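Down below is the structure, laid out as structure tokens.
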Amino acid sequence: MFKRITTGELQDLRKSSDDFLLLNVLSRDAFRQDHIVGSENVPIDRPDFVDAVDEKVASDRRKKVVVYCASEHCDASTRAAEKLDESGFADVYDYKGGMEAWNAAGRGGDASAKPKVPARSDDVPPALPIPPGTATSARDSTGAPPRSDAKPSGGRARGSDGNRR
């Protein structure tokens, strides 16, 4: 049977040397918007949810798994904990407070955090390359924003006297 875990208990677990999988079970979009630093993402609605979690723990179903979702009013983490428990995972915890309780405790999430284990290629779409010569910002090569008093040079550099060279 899975167990419930509080914000304080999750904080203590993260500080300990225990090896565990912290798993956000919401959609990829929700995970990108906010998640607990170091957590992985396997959406509960994936048809292969249990197999995907099994892969994350390298088929060691004795490994501690903590699942969480958006808030105590969200049932995704409880459904995930039940699925894992029924599938033979031995050490499953439901962090019922989710992102709402984590953020309320001042722990904060991080939409840019990198998970401890690289995501599978089917979990995260690949980055698209930027074609050469494509402007990516309004800043110049030094990183400075454009000057508001700058005039177009017509393709030639201007000297300190303002004349084209």
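The values are calculated or read from the model by the stated rules, or taken from the named source; none is laboratory data. Nothing here was measured: the structure is a model prediction, and the numbers come from that model. Neighbour counts run over all protein chains shown; Cβ positions are idealised from the backbone, glycine included.
Could you say whether any residue in region 16-24 is outside any loop (DSSP other than H, G, I, E, B) and touching a Gly at 6+ places or on another chain (Cβ under 8 Å)?
yes
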Of everything in region 11-34, what is aliphatic (A, V, I, L, M) and either at pLDDT 95 or above or over 12 Å from residue 66 (Cα atoms) (or both)? Give them in sequence order.
21, 22, 23, 25, 26, 30
Being among the polar types (S, T, N, Q), free of Cβ contacts under 8 Å to residues at least 60 places away in the same chain, within 14 Å of residue 80 (Cβ to Cβ) and surrounded by fewer than 18 Cβ atoms within 10 Å (Cβ to Cβ) is the requirement here; does residue 27 meet it?
yes
When you go through 66, 37 one by one, which is the residue that is modelled with pLDDT under 95 and either in a loop (DSSP other than H, G, I, E, B) or surrounded by 20 or more Cβ atoms within 10 Å (Cβ to Cβ) (or both)?
37
Mind listing whichever residues of region 69-103 are touching a helix residue (DSSP H, G or I) at 6+ places or on another chain (Cβ under 8 Å), assigned to a helix (DSSP H, G or I) and touching a residue at least 60 places away in the same chain (Cβ under 8 Å)?
84, 101, 102
Looking at region 43-57, can you tell me whether even one residue there is among the small types (Gly, Ala, Ser) and either at pLDDT 95 or above or outside any loop (DSSP other than H, G, I, E, B) (or both)?
yes
